[in-house]
1. Out of all the residues in segment 22-38, which are part of a helix (DSSP H, G or I) and among the aliphatic types (A, V, I, L, M)?
2. Would you confirm, using the coordinates I've provided, whether Val280 is in a loop (DSSP other than H, G, I, E, B) and touching a Leu at 6+ places or on another chain (Cβ under 8 Å)?
3. Go through (1) within 11 Å of ligand 1 (Cβ to nearest atom); (2) within 24 Å of Thr131 (Cα to Cα) one by one and return the number of the condition Tyr329 breaks.
4. Among the numbered criteria (1) within 16 Å of ligand 1 (Cβ to nearest atom); (2) in contact with a strand residue (DSSP E or B) (Cβ under 7 Å, 6 or more places away or on another chain); (3) modelled with pLDDT of 95 or more, which one does Thr119 miss?
5. Can you name the helices (runs of 4 or more DSSP H) wholly within segment 135-222 that have at least 2 residues being of a type in the set (Gly, Ala, Ser) and not assigned by the TED database to the domain that holds Ile35?
6. Among the residues of segment 66-88, is there at least one that is more than 24 Å from Asn18 (Cα to Cα) and within 13 Å of ligand 1 (Cβ to nearest atom)?
7. Would you check if Gly124 is at positive phi and away from ligand 1 (no atom under 14 Å from the Cβ)?
8. Looking at Ser40, Ser29, Ser25, which is the one that is within 16 Å of ligand 2 (Cβ to nearest atom) and over 25 Å from Tyr248 (Cβ atoms)?
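The values are calculated or read from the model by the stated rules, or taken from the named source; none is laboratory data. Keep in mind that this is a model prediction, so the values were computed, not measured. Note that we place each Cβ from the backbone using ideal geometry, even for glycine, and neighbour counts take in every protein chain shown.
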Amino acid sequence: MNRFTKEIDKILEYIQSNDDKFLVSSHVSPDGDNIGSSLSIYSFLKKLGKDVVYVLDDEYPKNLSFLYDENIKMTSKDIDQKEKYTVIALDAGDYSRICVDDKILENAKGIICIDHHITNGDYGFLKYVDTEESSTCELVYNIIMRYECITDNKIIDENIATYLYTGLITDTGNFQYSNTRESSFIMAAELMSRGAKKNLIVEKLFQNNSVNFYKLLGEALNGLEIIQSQICIIAVAKESMDKYEVEYGDIDAITPYTRDIEGVELGIFVKEKEIGEIKVSFRSKNYVDCSKLASEFSGGGHKRAAGCTIKDLDVELAKKMLIEKAIGYLK
Ligand code: 5GP
Ligand code: MN
């Protein structure tokens, strides 16, 4: 029995017994887990015959274009902003990360929060927040499986299985990270039996880099710095992305390089999204609490993977500030 069955049942009961207009929302800078969980809960609600829209105002990640469905994804501008939606927020560690127009959120009937971040800001009239689960996709999988069990009605088809598998594989780093548990493998096996397109997902996510990305990666790796033998920091300035014609959304694959070095405990990847806006990713191997470190810069996330945004600083100054704080987390 899942220790959150009560929360799951409350959400299922609410969805089944209310004829609300549901709005499935993504978070800013959506990743595989966010897109996967949003598309699967959207498809689930559609299968239940619910009135539902999926809104994402941020840029849709190019590497996930194989999941893109123009009939599903909308922006806040495409929908009636005066409507009182019941918003379903997925994978959004805090309220401010929900990527929907403020007016829609202010007007909303309420928010149902489904998330696995340790820094979850505790919002929503219904919540299913389990920080031990690998991914929000695993939470959505639990919800749908519970529904299937109660109603004896099969919901997970090839598409939903593919959405859910995408989030599982991205948030567990291909089943490598410490958030990978027995339940993740059981879920993966079940999704494969339902037709998840595993080989397509692997190819699109891990075997599809451009040649220019490799050139940029070479430059980035050449510039890496090691601090006190335990921290590795890599920075990519906007200028480099422009030089190699690589888009900001395509460089996340550099993040793991910061951590995957012998002896390094903490990896920091600094990306200059725009001049004056720096996005930072933290990754740790064994003990540094990245979510705590990120929250010192108003960010958040998980123990072993977190992030933040730094405004109005150039790359060098941001690096200096990050290193100063990060050193305090070393043993
Ligand atoms: P990434 O480094 O891949 O962008 O994010 C790693 C984890 O930290 C993800 O779970 C993501 O949701 C979370 N995260 C990244 N940036 C932020 C941020 O600015 N604020 C919060 N609260 N979480 C973030
Ligand atoms: Mn996630």
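1. The first filter runs over segment 22-38 and keeps only residues part of a helix (DSSP H, G or I), leaving 32-38.
Within segment 22-38, Ile35 is the sole residue that qualifies.
2. no
3. (1)
4. Among (1) within 16 Å of ligand 1 (Cβ to nearest atom); (2) in contact with a strand residue (DSSP E or B) (Cβ under 7 Å, 6 or more places away or on another chain); (3) modelled with pLDDT of 95 or more, Thr119 violates only (3).
5. Fully inside segment 135-222 and qualifying: 211-222.
6. No, because not a single residue in segment 66-88 is more than 24 Å from Asn18 (Cα to Cα) and within 13 Å of ligand 1 (Cβ to nearest atom).
7. yes
8. The unique qualifying residue is Ser40.
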